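The values are calculated or read from the model by the stated rules, or taken from the named source; none is laboratory data. All values reported here derive from a predicted model rather than from experimental measurement. Don't worry about glycine lacking a Cβ; one is built from the backbone with ideal geometry, like all the others, and counts go over all protein chains shown.
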Amino acid sequence: MDIIKQEMRSLEEQIAYHSKKYHDEDLPEISDYEYDMLFERLKTLEAAYPQYASSSSPTKRVGGHVAEKFIKVTHPVRLGSLTDVFDYNGVADFYQKTKALFPDADYAVESKIDGLSVALEYIDGVFVRGATRGDGLMGEDVTENLKTVRSVPLAINEKLPRLIVRGEVYMPKKVFARLNEKREEDGLASFANPRNAAAGSLRQLDSKLCAERRLEIFVFNIQLCETPVPETHGECLNYLEKLGFTVSPRFEICKAYEEISDKIMRIGEERKTLPFDIDGAVVKVNKLSYREKMGEVGAVPRWAVAFKYPPESVKTRVLDITVQVGRTGVLTPKAVLKPVAVAGSIVSAATLHNIDYIKEKDIRVGDTVMLRKAGDIIPEIVSVVAEERPLGSIPFDMPEFCPSCGGRVTREENEAATRCTDSACPAQLLRNVIHFVSRQAMDIETLGESTTERFIEEGFIKSVADIYSLDKAKIAVLPGMGEKSAENIISAAEKSKARPLSRLIYALGIRHVGEKAAKTLAKRFLSMDEFMKATGEQLEAVPDVGPETAESVVNFLSAERNAMIIEKLRILGVNMTEPVEEKGFAFQGMTVVVTGRLESLSREEAEALIEQNGGKAASSVSKKTSLLVCGEDAGSKLEKARNLGIKVINETEFLNMTKGEQNDKKDA
């Protein structure tokens with residue numbers, strides 16, 4: 001019996017660990033299926049040996065815990081979890097039990113979207129708050145981020161006094177694929193699946209970052225409504241759709257068990273072609289009065305089950321391991337595979353992310369491997385079939401020299417990525433130039449991606465500096481160009497020479513230096529000469545510039561080729577200075593947050609005024625916040641500021657402060 005008890009404690013520890021990685025850190029280390037099997041094993045042992053069941057067992061809890069960085073929200077109606085079944089016997093057992101209670105029962109069968117569960121609250125038809133499920137009783141206030149989800153209606157089609165609905169926020173497969181491609185190019189860890197990408201996005205402190213992730217939502221339940229609702233789940237979904245919500249897709253109402261199992265099978269077959277990720281099918285008793293009578297066991301309703309589809313894995317062989325160079329110089333290894341059909345398509349390659357990933361799984365050329373699709377879209381190698389490894393196989397290692405330019409590659413401490421640091425590397429040049437001419441950088445709109453690629457192929461551009469020495473006559477004779485197009489390109493490049501230093505610093509594409517850091521650095525050093533002379537210590541002393549960014553700047557500016565490009569830009573007439581702003585002191589030493597819609601200013605303009613007047617513009621409210629500038633349709637930031645006792649002012653008061661009127665009144 002001690003062995004059983006030890007296994008149960010071990011399972012509890014494993015589940016708690018993997019639950020934290022999945023729910024709270026969005027960095028799962030095992031598949032959903034492997035996690036489910038651990039959970040099911042513990043449930044089985046607890047049923048057989050209840051005397052050994054722990055009162056703190058993970059089987060008695062829902063989801064993750066509430067992160068400290070968000071305001072806590074208590075759910076008026078508990079957001080429970082479903083009983084999982086892994087075969088049709090489990091579905092049949094559920095069907096028979098409910099039929100015994102209610103012989104005339106019918107069932108709603110719908111896709112189980114693999115996302116992050118949230119509750120949306122509406123008062124008088126207007127969206128006022130959104131929260132994650134959390135532990136089922138208490139979640140995280142993510143209202144501002146949910147407002148960026150296009151399929152969350154900010155106002156519904158009826159002015160209901162109070163309505164709370166539950167839905168699943170998800171990331172479309174195409175968005176997930178593009179996001180992971182970009183993260184790999186930037187040397188960041190890939191998200192394991194769309195669900196974790198969605199969760200990570202919804203928990204961003206900056207709602208702008210969340211908006212960039214293009215999340216969506218399906219609503220599937222009415223949690224609370226202060227007016228009468230329809231009598232069945234199917235009718236509720238139709239009602240929610242009329243209110244303006246996007247509801248669970250392709251749901252069906254079934255009467256007989258054969259209809260239910262057929263629908264589950266059809267959902268499984270459609271799974272490969274859906275634009276979003278699902279991990280199962282949900283079967284629910286349709287009539288709401290029957291649900292109420294059946295009740296719940298803890299957090300789990302008796303009136304529904306979730307059928308979980310097993311992951312599809314296939315065997316194939318690694319024919320080769322190649323290395324590609326991304327736009328930031330990151331070397332990404334890729335497995336060339338013997339073509340194999342998996343999850344509805346033929347797969348002949350899979351990314352291997354980085355050398356740590358390869359070594360952890362010990363993947364070698366010639367190995368037989370198990371392959372699956374993460375999120376049903378991105379091929380990934382799950383494991384190596386060690387017993388089928390050919391004799392004489394050699395462990396893979398990253399090349400010492402860049403496969404594109406031949407330059408030496410480096411791997412920084414505490415970083416997974418291996419990089420080529422030569423900015424002249426052909427594989428990096430196109431993306432470097434596209435970044436340099438982008439709207440937030442030097443803003444040369446006439447140089448689009450296809451035109452830039454063409455000029456690089458023609459040999460017109462070998463570094464970003466060559467943009468300012470383009471030959472009008474050579475451009476004009478290119479097919480499809482002509483004199484007018486050439487003139488527009490030259491004119492736009494000439495105009496961009498006057499951009500301030502902050503734009504140029506950002507345009508150079510220095511790692512870890514975004515728009516905000518570029519502006520801060522430009523304001524601190526004012527000229528390219530002073531910026532290039534800055535030491536690591538001086539850079540670290542600049543607000544919002546940490547050791548990693550400082551080191552990256554020093555490394556970039558000390559590289560001979562980069563210094564030559566900057567000098568060439570200077571010779572060609574590109575501005576190398578930042579205008580000195582007349583600074584006020586209205587917000588000296590203050591941290592100021594702007595929320596809601598302002599009438600006369602954009603958010604960016606308001607934040608610029610804060611910084612021009614000695615303050616620091618922040619994106620989230622905390623105990624360190626000195627002042628909240630509040631416009632129309634303010635959300636959770638206003639509520640949090642009031643709870644923390646932070647002073648709140650309107651737009652007029654804000655503008656008066658920047659003009660010094662408040663100080664004048666005090667002096668009078």
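Odds and ends about this structure:
- Qualifying residue in the stretch 226-235 (condition: outside any helix (DSSP H, G or I), over 11 Å from the mean Cα position of the chain (by Cα) and among the acidic types (Asp, Glu)): yes
- Selection status of residue 416, assigned to a helix (DSSP H, G or I), under 24 Å from residue 356 (Cβ atoms), of a type outside the set (Val, Ile, Thr) and touching a residue at least 12 places away in the same chain (Cβ under 8 Å): no
- Count of the stretch 547-562 residues, restricted to those that are touching a residue at least 12 places away in the same chain (Cβ under 8 Å), over 19 Å from residue 576 (Cβ atoms) and not hydroxyl-bearing (Ser, Thr, Tyr), is 4.
- Filtered residue count, the stretch 419-452, keeping only those that are among the charged types (D, E, K, R), within 23 Å of residue 495 (Cβ to Cβ) and not in a helix (DSSP H, G or I): 3
- In the stretch 236-262, residue surrounded by the fewest Cβ atoms within 10 Å (Cβ to Cβ) [restricted to those that are touching a strand residue (DSSP E or B) at 6+ places or on another chain (Cβ under 6 Å) and in a helix (DSSP H, G or I)]: 241
- Residue that is modelled with the highest pLDDT, among those in the stretch 635-668 that are assigned to a helix (DSSP H, G or I) and among the small types (Gly, Ala, Ser): 641
- Residue list for the stretch 177-219, restricted to those being among the hydrophobic types (A, V, I, L, M, F, W, C), in contact with a helix residue (DSSP H, G or I) (Cβ under 7 Å, 6 or more places away or on another chain) and farther than 30 Å from residue 421 by Cβ: 202, 210, 215, 219
- Test: residue 350 is part of a strand (DSSP E or B), buried (at least 19 other Cβ atoms within 10 Å of the Cβ) and either without any contact (Cβ under 8 Å) to a residue 40 or more places away in the chain or at positive phi (or both): yes
- Verdict on residue 109 being assigned to a strand (DSSP E or B) and at pLDDT 90 or above: yes
- Within the stretch 420-441, if we keep just the residues that are more than 19 Å from residue 454 (Cβ to Cβ) and modelled with pLDDT of 80 or more, the residue that is surrounded by the fewest Cβ atoms within 10 Å (Cβ to Cβ) turns out to be 439.
- You will find that of 379, 390, 339, 310, the residue that is crowded, with 16+ Cβ neighbours inside 10 Å and not β-branched (Val, Ile, Thr) is 379 and no other.
Matching residues to (1) among the aromatic types (Phe, Trp, Tyr); (2) within 30 Å of residue 435 (Cβ to Cβ); (3) assigned to a strand (DSSP E or B):
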residue: 305; (1), (2), (3): no, no, yes
residue: 311; (1), (2), (3): no, no, no
residue: 321; (1), (2), (3): no, yes, yes
residue: 324; (1), (2), (3): no, yes, yes
residue: 328; (1), (2), (3): no, yes, no
residue: 331; (1), (2), (3): no, yes, yes
residue: 334; (1), (2), (3): no, yes, yes
residue: 337; (1), (2), (3): no, no, yes
residue: 340; (1), (2), (3): no, no, yes
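- In this entry, residue 450 is excluded by the filter for residues that are at pLDDT 90 or above and over 25 Å from residue 334 (Cβ atoms).
- Criterion applied to 349, 299, 341 was being within 30 Å of residue 421 (Cα to Cα) and among the small types (Gly, Ala, Ser), and the one residue passing it is 349.
- Among the conditions (1) over 21 Å from residue 566 (Cα atoms); (2) at pLDDT below 90; (3) not polar (S, T, N, Q), residue 474 misses just one, which is (2).
- Qualifying positions in the stretch 601-634 - touching a residue at least 40 places away in the same chain (Cβ under 8 Å) and either in a strand (DSSP E or B) or of a type in the set (Gly, Ala, Ser) (or both): 606, 616, 619, 620, 627
- Number of residues in the stretch 147-177 that are free of Cβ contacts under 8 Å to residues at least 60 places away in the same chain and under 19 Å from residue 75 (Cβ atoms): the value is 2.
- Restricting attention to the stretch 311-367 and to residues that are of a type in the set (Ser, Thr, Tyr) and in contact with an Asp or Glu (Cβ under 8 Å, 6 or more places away or on another chain), the residue that is farthest from residue 414 (Cα to Cα) turns out to be 351.
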